[in-house]
Amino acid sequence: MAFLEIDHVSKYFPSHTGDGQVCIFNDVTIKIDKGEFVTTIGHSGCGKTTLLNIIAGLETMSEGGIILSGKEVCGPGLDRMVVFQTFSLMPWMTVFQNIRLAVKAAYPDWDREKIAAHVQKYVDLVGLRGSETKRPTALSGGMKQRVGLARAFSIEPKVLLLDEPFAQIDALTRGVIQEELIQMWNTTRNTVFMVTHDVDEAILLSDRILLMTNGPSARIAEIVDVTIPRPRSRESIIEHPHYYKIRNHIIHFLVRHAKHGPSGDGGPPDQSVSEAPLQVNFERDLSVLR
Amino acid sequence: MGGGKGNPWLISGFLLVVFLLAWHFFTLRGAFDPRGLTEEQLQMMEFNGDIVRTADGGYVWNPEKEKVKGVPGPLAVMEKAWTELGEAFVKKGTNDHGIAYLVLYTVSRFAAGFLAASVVAIMLGVLLGLNKVLFQAVNPFIQILKPISPLAWMPLLLYTVKDPKWTAVLVVFMAALWPTLATTAFGVNSLRKDYLHVAAILQLSWVKRLYKVILPGAAPTIVNGLRISFGSALVAVVPAEMLLGELGVGYLSWIEWNNLDISGVIFAILVVGVVGVILDSGFNKLAGLVTYQE
């Protein structure tokens, strides 16, 4: 059994007109191994953030279940920490206090010194030494998300959930923080589930990339193995022969599904709903090249 | 902001001088001029107390009656202020306390009512802000109770608590309750869901959630409500003292009117203004401690 199993999860929202329901995504099954970095890519509105929130326990699912290390997940918990797109730092707390709030919650038995030392360790890890007493307003977007990452890593969760973590950060800083994230992940080897719409980011960070069709009734259509060995860096990764194959494959997929467009009135559901996702691996099978 | 140059204090000082001079000249009364008046008319005026005969046989305006004739000038008010401030800490009788005591009474009455109202309003507001259904159920009552003038409660309060001292405090309480209640409920309700999500993931206890996330997160909105409550309570405390005859700056204004001492009335008005400024600056210091920037 996989470490984290998202088992036949569906989500319906009541439709705007009031009658009936709109299916956001249907019958999503994902199996993630311990220490694996899995990313979901899809167009805006395909429900990928909703899926992440369901795993985090912040939203309820309509059907299905989630099992984490053998136990069914019910509601939010310290074993699944989210790094938010909007950072979600408490603006009335300093950098140090923001991380300490999480550490205190995760380790209620620790004494003051131990908590402070632990917080300081993660402040240093993201290179924010000297900024501990600053409030989030005084930080750039990149620095804010460093705090968000430090907060998430500091409680050592079983699963890290990254919700488009770098979408609000300028492109130059984004690259730097992505590499910092790789380094942090290399030392901790957390299990990570990320959603994004940045293809390069997904290839750089992930072991597997799940491609989601457009909603309504979105589903996982393909699973792409990132067949580029680690350690990876932004510089070296583009030299790898599979890089552009994977990249092109994903972009073709996204463009193809953008053409369908989200049909406003729900439209006829995809005929291939019950099909298992297509496995794409450029190491194994070169014929999938388009 | 305009691009004006110059020292604002200088302009303030100038405006003050202009105002005082204008006040002085509009209220100035010439010396009594007996020309054109018959001896009978003069005797009648003396009999009425408008004028008095001086040692050298002439007539001047009666200085005692001068006080109630027309509006007193700035000099008369300053003279009154000088004597009042000179006796600021003197208690002449049960109902004649120095101005410092009166200010103290008003401030403490105000503080008691305002603080009690704030505590109740914030607690209820958080409760309503966290529970949408409860808020919708209670909101019609708030909407009906909110526009009622706090002074309208006074007869009922006086009848039920049977003590003018506590009635005055309760009038302030009623004045300060509604704005804070309404804005706290709104502020808690519109708190960014992200903060609550973090609190939920971190499994914070109910108490910690309240003190670490909900209250500090809603603090800027709550402070805005408190500010409105503050103004409304300050407006209510003066007439409450007048109507209830409770010692304080509002009472001072009314007692001076009963004494027909218009200088005293104007002095009392100025004292009310100064007390307002003192309370307001204290409030702003407090507000600065709990607000944050997004």
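Nothing in this text is a laboratory measurement; each read-out follows from the coordinates by a stated rule. Please read all numbers here as calculations on a predicted model, not as lab measurements. All Cβ positions, glycine included, derive from the backbone under ideal geometry; neighbour counts span all protein chains shown.
Taking Rh as the Kirkwood radius computed over C-alpha pairs, what is the Stokes-Einstein D of segment B:91-290 at 10 °C in a medium of viscosity 1.306 mPa s, expressed in µm² per second?
The diffusion coefficient I find is 87 µm²/s.
Could you tell me how many degrees, from 0 to 90 and to the nearest 10, lie between the Cα long axis of helix B:74-86 and the main elongation axis, the longest principal axis, of the Cα atoms of chain B?
70
If the reach is capped at under 18 angstrom between alpha carbons, list the aspartates and glutamates near residue B:162, excluding any in the same chain fewer than eight residues apart.
B:241, B:246
Can you tell me which aspartates and glutamates have their Cα less than 15 Å from the Cα of residue A:134? Leave out same-chain residues fewer than eight positions away.
A:124, B:294
Lys/Arg Cβ at +1, Asp/Glu Cβ at -1, dipole of the protein assembly as shown taken about the Cα centre: which of A:4, B:78, A:66 is farthest positive-ward?
Going by the charge dipole, the pick is A:4.
Rounding to the nearest 10 and keeping the result within 0 to 90°, find how far the Cα-based axis of helix B:132-145 lies from the longest principal axis of chain B.
With rounding to tens, the tilt is 10 degrees.
Quick check: net charge around residue A:166, other residues with Cβ under 10 Å of its Cβ, Lys/Arg +1 and Asp/Glu -1?
That works out to -3.
How big is the dipole moment of the protein assembly as shown about its Cα centre under a simple scheme where the beta carbon of each Lys and Arg is +1, that of each Asp and Glu is -1, and everything else is neutral? Debye, nearest 20, please.
920
Rank B:253, A:209, B:145 by how far each Cα sits towards the positive end of the charge dipole of the protein assembly as shown (+1 on Lys, Arg Cβ; -1 on Asp, Glu Cβ) and give me just the farthest.
A:209
Net charge around residue B:212, counting only other residues with Cβ within less than 13 Å of its Cβ (Lys, Arg = +1; Asp, Glu = -1)?
+4
Can you work out the FRET efficiency for the pair residue B:48 and residue B:95, with r the C-beta to C-beta distance and R0 = 30 Å, to the nearest 0.05?
Computed FRET efficiency for residue B:48 and residue B:95: 0.45.
Just in segment A:1-106: which trypsin sites (Lys or Arg not before Pro) are loop by DSSP and have at most 16 other Cβ atoms within 10 Å?
Filter output for segment A:1-106: A:34.
Determine which lysines satisfy two conditions relative to residue B:193: a Cα distance under 22 Å, and not lying fewer than 8 residues away in the same chain.
Result set, ordered by chain and number: A:11, A:48, A:104, A:144, B:132, B:208, B:212.
For q = 0.07 Å⁻¹, what log10 I(q)/I(0) does the protein assembly as shown give under the Debye formula with an equal point scatterer on each alpha carbon and no solvent?
Evaluating at q = 0.07 Å⁻¹ gives log10 I(q)/I(0) of -0.65.
What relative contact order, as a whole-number percentage, does chain B give when Cα pairs under 8 Å and 6 or more residues apart are counted?
Across chain B, relative contact order equals 19 percent.
Mean residue ellipticity at 222 nm from the helices of chain A, using -39,500 (n - 2.57) per DSSP H segment of n ≥ 4 over the full residue count, to the nearest 500 deg cm²/dmol?
Counting only the DSSP helices, I get -10500 deg cm²/dmol.
Restricting things to Cα coordinates, could you compute the convex hull volume per residue of chain A in Å³?
Each residue corresponds to 148 Å³ of Cα convex hull volume.
Using the Cα centre of chain A as the reference point, and only Cβ charges (+1 on K/R, -1 on D/E), how large is the resulting charge dipole? Debye, rounded to the nearest 20.
In debye, rounded to 20, chain A gives about 780.
Relative to the longest principal Cα axis of chain B, at what angle does helix B:164-189 sit, 0 to 90 degrees, rounded to 10?
Compared with the principal axis, the helix lies near 40 degrees.
Taking only DSSP H segments of four or more residues, each worth -39500 (n - 2.57), what value at 222 nm results for chain B once the sum is divided by all its residues, to the nearest 500 deg cm²/dmol?
The per-residue figure over chain B is -23500 deg cm²/dmol.
Choose one of A:249, A:126, A:278: the residue whose Cα lies farthest towards the positive end of the charge dipole of chain A (beta-carbon charges +1 Lys, Arg; -1 Asp, Glu; about the Cα centre).
After comparing all options, I get A:126.
For a quick check: with amide H placed at 1.01 Å from N, whose amide H comes under 5 Å from residue B:32's, ignoring anything fewer than 5 positions away on the same chain?
B:61
Separation of segment B:12-49 and segment A:108-131 by C-alpha centroid, Å?
Taking the Cα centre of each part, segment B:12-49 and segment A:108-131 sit 78 Å apart.
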